[in-house]
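The values are calculated or read from the model by the stated rules, or taken from the named source; none is laboratory data. The model shown is predicted, which means the values in this text are computed figures rather than measured ones. In this analysis, Cβ positions are derived from the backbone assuming ideal geometry, glycine residues included, and neighbour counts consider all displayed protein chains. When the accessible area is computed, the model is the full protein with side chains, heavy atoms only, and any ligands, DNA or RNA have been set aside. Shrake-Rupley method; radii C 1.70, N 1.55, O 1.52, S 1.80 Å.
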There are 2 protein chains.
Amino acid sequence: MRQIKHPTIDQVELTDIMYALADPTRLEIVTLLAKAGRKMTCGEIDLNRPKSSMSHHFKILRSAGLVETLIEGTEHMNSLRLEEIEQKYPGVLNAVLKATAKS
Amino acid sequence: MRQIKHPTIDQVELTDIMYALADPTRLEIVTLLAKAGRKMTCGEIDLNRPKSSMSHHFKILRSAGLVETLIEGTEHMNSLRLEEIEQKYPGVLNAVLKATAKS
DNA sequence: TCTATAGTTCTATTATATTCGAACAATGAT
DNA sequence: ATCATTGTTCGAATATAATAGAACTATAGA
């Protein structure tokens, strides 16, 4: 079962995270993952956009180090890399999530 | 003395802030302003780029609500809108500044 | 093996951003 | 008035990103 490659946390730049979160669709994906607090498939995160568009956004979230995707069968299980990011950039992601949680 | 218009804090979207901070040049401007903790002219913030490029980045920082620019004579005095942004998005900007302060 | 499912990758189109020289505007000083 | 200073705006080139249909890959199940 071939898995997707992710950046190690030390490869993650702050500007990568900012860039990934600058898109409303991606911010919503991240918010939904945080609210759920569990792994979710791409299909579960339905924002009324074509698969290819969603896949594009997931790819950017992964390359920014925000999301980890594990392949399980035909499904891709996505989760936030919250702890790792908090370790490297304390408070950043949590503050963003606190802000999006209100709306 | 005609002043530049800025968005009110309630007009500032989180994605605007993320977008503005996603550019390394702009993140550096914001970091320098925070470190200085005072108003700075555009000229003081010398990142070895042409005036027009710097002006462009300041414009985006202003439109994102991150920077306030007051015209004083021929100089444009820039400052971070830290308190306002902290009020609306608690922890976000401070966490980013804490991250950039280390490097 | 055939089929369905989940998601990626390819490709093209369109939209946005970045960069920076040159021209411009506003102020202050001589 | 003229000139220097500070920064903006314009314009055009180049680069990067978003969008989405179509083809493709990998796995699971019948």
Lysines near residue B:5 by alpha-carbon distance under 18 Å, same-chain residues fewer than 8 away left out - which ones? B:39, B:59
One decimal, nm, shortest first: give the distances between the label point of residue A:73 and those of the same position in the other copies, each label point 7 Å from Cα along Cα→Cβ. 7.3
Given charges of +1 on the Cβ of Lys and Arg and -1 on the Cβ of Asp and Glu, with all other atoms neutral, how large is the dipole of chain A about its Cα centre, in debye to the nearest 20? 180
Could you pull the copy-to-copy label distances for residue B:24, with points set 7 Å along Cα to Cβ, in nm to one decimal and sorted shortest first? 3.0
Among the complete DSSP H segments of chain A, which ones combine at least 15 Å of alpha-carbon extent along their axis with a mean Kyte-Doolittle hydropathy of 0.0 or more? A:24-36, A:92-102
Which of the three applies to the protein assembly as shown, rounded, prolate or oblate, going by the alpha-carbon gyration tensor with a ≥ b ≥ c and a/c under 1.5 meaning rounded? prolate
Per-residue Cβ counts within 10 Å, from other chains only, averaged over B:8-20: what number is that? 3
Per the 1.4 Å probe, what fraction of the accessible area of the protein assembly as shown, in percent, lies on carbon and sulfur atoms? 51
State, to one decimal in nm and shortest first, how far the label point of residue A:46 sits from each corresponding label point in the other identical copies (label point: 7 angstrom along Cα-to-Cβ). 5.9
Which three extents, in angstrom, do the Cα atoms of segment A:9-97 have along their principal axes, listed largest first? 33, 25, 23
Partner chain coverage, peptide A:80-89 - average Cβ within 10 angstrom: 1
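To the nearest 0.05, what FRET efficiency results for residue A:83 and residue B:87 with a Förster distance of 41 Å applied to their C-beta separation?
Computed FRET efficiency for residue A:83 and residue B:87: 0.90.
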How high is the FRET efficiency from residue A:36 to residue A:9, r the C-beta distance, R0 22 Å, rounded to 0.05? 0.50
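Which value, in Å², gives the accessible area per residue of segment B:2-76 when a 1.4 Å probe is used on the protein heavy atoms?
In whole numbers, segment B:2-76 has 55 Å² accessible per residue.
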